[in-house]
Every structure is written in structure tokens, then in C-alpha cells.
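One structure is given here, and the rest of the page talks about it.
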Amino acid sequence: MYCGRRESFRGAKVVPMRVISVVGARPQFIKLAALDWELKASGHEHLILHTGQHYDEAMSGAFFEELSIQPPAWNLEVGSGLHGAQTAQMLDGCERVFLESDPDWVLCYGDTNSTCAAAIGAVKLRVRLAHIEAGLRSFNRTMPEEHNRVVADHLSDVLFAPTHEAMHQLEREGLSGRSVLVGDVMADVVRNVKRKIGPESAGSGDFIATVHRAENTDQRDRLESIVDALASLPSPVVLFAHPRLVQRAEEHGIELRRGSIRVEAPTSHLGIMSAIAAGRGVVTDSGGLQKEAFLMERPCTTVRKETEWPETLLDGWNVLVEPDKLAEVALRPNPTTKPNPDSFGDGHAAARIVQSLENFTD
Ligand code: UD1
């Protein structure tokens, strides 16, 4: 069961908290938006620590502006690097900020290296730590994201799970006593964006594609077969190209601009959501986009061996493929059912999180 709605607590006297959100990479800014809106509305002091993991305007600043998120109070400007070095620099910066600002809570989000650094930084100083989007697993121990999720979940004082499946996983790992099912904060934001986009068009146009994971970009043959498959599709493919994809394609001598592919720079959240709404389907290796496609009622083809969001696989709304089957699967007929938006909560996840932090007792 989801814990109660915030409305039932309105009017009760709440002591203002100082909350620091640690973020650094693109998908985290979307999750952050839901918390920033809610914490501000609830009269708490919310301060944002940006690690600088993502730094290009299109990967970072644009999201703050578009989603009306307050500017970061600190930016560690860590930038790119090897995982260990990048995480260590972030940890150093987080520790300094937590010491200087003495927060009541640190919030970490999702599964990036910024999440891992925030979690270790908070727990070492015995600052209360909450993990937003807890309980997701790919069970693929070669993914850096999997290490980051496990660390954040096991170190947190409170774990906010987006789905029933995530709650079950936390239970299997002995963490249910600290876990709360709240729904998905990204779904809060998607519901908001959907209202801005208005009634969706027929969805008969382009494919919307993104490819950025190391396991798809770093080996030449695999990347080439993904790009070949996209280029061979009979409809235009708008490929929003993450910097890692552009760099790896260049290094491997793979031309992205061919066949059906139209390469575009990474776009804003509203930009990609509008493109999905107008498109016929999504091809991706992103976690968040699988879910966003589902919530926008567009079929998704995911170039990965596993997904952290098994709810999206229902009735074939999302299908996992290897590159050699990508084109065939992307062209499958649309499912005859409708995806259930409530699989990811009712749009009040952030309100439940704030309420749960307010009511927390050790
Ligand atoms: C990170 C997250 C991943 C998330 C993704 C969203 C980790 C381990 N991974 O992966 O979970 O899905 O963000 O995008 O934290 N680069 C730029 N400009 C930028 C940022 C990155 O050019 O603003 C380039 C750099 O060459 C960098 C590469 O992209 O080396 C990868 O960036 P990095 O932050 O290491 O990881 P992501 O692949 O973005």
C-alpha cells in the first residue's frame, strides 16, 4: 500500500527541515524537480548540491530552467573521469558541504556516481540519508549503476520505492523496515509535462532514439549493428545523441548520419516528451525513457539484456532486444491494451516523500 496522501497532513504543525539534494546527471534533474517543487511548497529549506558530473548546458542547465528548479547552492564542477576518481572527488566535495551546512536530511537520487558519493558522504558524517528510487535492480553486476544502487539502498535511513516490485526486492534484501512505497517521482513530473503538451497527436511519425550506455557504445561491432538497425528503419529516426555516443562513434569511425537517422543534440525534457508524443515509438537503452514511453503510451524497444522497470514489459509495451533483432522488433504492431499509468504511482510521490521525512523518527 502507498502511505497516506499529503493532503491529510496539511494544517498540522511541521518543523521546517534543511534538506540537501545531491544531483549531477541528467535523469536526476527530472527527479529533483518533483522534490524541489514539493519542498518549497511545504516551507522547508531546500538546497541543491550539483556535483558537476554533467556540465554541458544541454545536459544540465537547460533542465533547471525548463523545470523551474532553483539554481544549485553549490557546484563541485567534478566533470568526467574514471569512475573511482570521479566518485572520490564528489565524495570529498559532499563531505565539505555537509559539514559546513549541517543538513537535517541528504537526498540522493537514482543510480549514478553522484548518488553513490552522496550516500557515502552522508553516512560517514551520520547525516540522515534518504534514497529516492530505491529497490531497482538489473542484477547485472558489470553495470556501474548497479553498484551505485546497492550502495545507496544499503546505506540509507529511509528508502523510497517507486513500485511494488522495488518494495519486494528491498524486502528480499532485508531492507523493508526502512522502506516506503511512494510511487515514482519521475511519473509526477511526466503527468505535469503531459498537461503542458496537451492532447497527444496520432503518434504515427518518427521513431525517437537514444543510445548512451557503455555496454552499447564502447564496443565497435555492437555500436555499429545498433546504428545499422536504426538506419534501416522505414520511418525517420530522430537520434538525440548523448556526448558519449558522439565521441565513441567518432573513435570507432562509425557514421551516425545515414539511412533513416537524423542526428539531433540532446534536448530538454519537454523537448523529448513532445517528440515521443508525436512519434510512433521509442528505441533506447535509457532507464527513464522506457518508463516515459510507457507513460506516454508509446511502444518502446530497449537495446539491453535486462530492465530495472519490468512493469513496462506488460503486453509488449516495452521489449528487450539484441541489436540483430532491433529493426524487426521496433516494427511490431502496437499492443491492443492500454498501459496502466498507475503502475508508477498516482503522481503524488514527492508529496509522500516530504511527509515521510517530516514524520521520521529514529
Ligand atoms: C551517467 C550515469 C547513467 C545515466 C546517464 C544519463 C553513472 C555511472 N552513469 O552516464 O546512469 O543513465 O548519466 O546521461 O553515473 N559528457 C559530456 N558532457 C557532459 C557529460 C558527459 O561530454 O555534460 C561525456 C564525457 O565524455 C563523459 C561521457 O559523456 O566521459 C560519459 O559521462 P558520465 O557522466 O561518465 O556518464 P554517462 O554516460 O552520462
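When the range 239-341 is described by a simple charge dipole with +1 on each Lys and Arg Cβ and -1 on each Asp and Glu Cβ, the residue from Asn318, Ser268, Ala249 located farthest towards its positive end is Ser268.
Peptide packing: for 67-74, 207-214, the average count of neighbouring Cβ atoms within 10 Å per residue gives the ranking 207-214, 67-74, highest mean first.
Projecting the Cα atoms of Gly177, Leu239, His212 onto the charge dipole of the range 145-246 (Cβ charges, centred on the Cα centre) puts Leu239 farthest toward the positive pole. Note on the range 59-121: with charges restricted to the Cβ of Lys and Arg (+1) and Asp and Glu (-1), its dipole about the Cα centre is near 140 debye.
Assign one of three labels to the range 54-162, namely rounded, prolate or oblate, based on the Cα gyration tensor with a ≥ b ≥ c the square roots of its eigenvalues; rounded applies when a/c is under 1.5, prolate when it is not and a/b is larger than b/c, and oblate otherwise.
Note, shape of the range 54-162 comes out rounded.
Dividing the summed -39500 (n - 2.57) terms of all DSSP H runs of n ≥ 4 by the residue count of the chain sets its mean residue ellipticity at 222 nm at -12000 deg cm²/dmol.
The residues neighbouring Met17, those whose beta-carbon lies less than 9 Å from its own, together hold a net charge of -2 under the Lys/Arg +1, Asp/Glu -1 convention. When peptides 328-339, 307-318 are sorted by average Cβ neighbour count within 10 Å, with the highest value leading, the order is 307-318, 328-339. Of interest is the spacing of the C-alpha centroids, which for the range 279-342 and the range 26-77 amounts to 28 Å.
Per residue, the convex hull spanned by the Cα atoms of the chain amounts to 128 cubic angstrom. If only the Cβ of Lys and Arg carry +1 and only the Cβ of Asp and Glu carry -1, the dipole of the chain around its Cα centre is close to 560 debye.
Loop-located GluC sites (Glu not before Pro) across the range 40-77 with a Cβ neighbour count of 15 or fewer within 10 Å are Glu77, with loop assigned by DSSP. Pairs from the table (Lys196/Lys291; Lys124/Lys305; Lys31/Lys325; Lys196/Lys338; Lys194/Lys305; Lys40/Lys196) lying more than 26 angstrom apart at Cα are Lys124/Lys305; Lys31/Lys325; Lys194/Lys305. With K and R counted +1 and D and E -1, the other residues having a Cβ less than 14 Å from that of Asp221 yield a net charge of -4. Gly52 sits among other residues whose Cβ lies under 15 Å from its own Cβ, and their net charge, with Lys and Arg +1 and Asp and Glu -1, is -2. Comparing mean-square fluctuations of Ala25, Ala327, Ala85 from a GNM of the chain with C-alpha springs under 10 Å, the top value falls on Ala85.
Every read-out reported here was derived from the displayed coordinates using simple, explicitly stated rules and does not represent laboratory data. Predicted model, so just to flag it, every value in this text is computed and none were measured. Cβ atoms come from the backbone with ideal geometry, glycine included; neighbour counts cover every protein chain shown.
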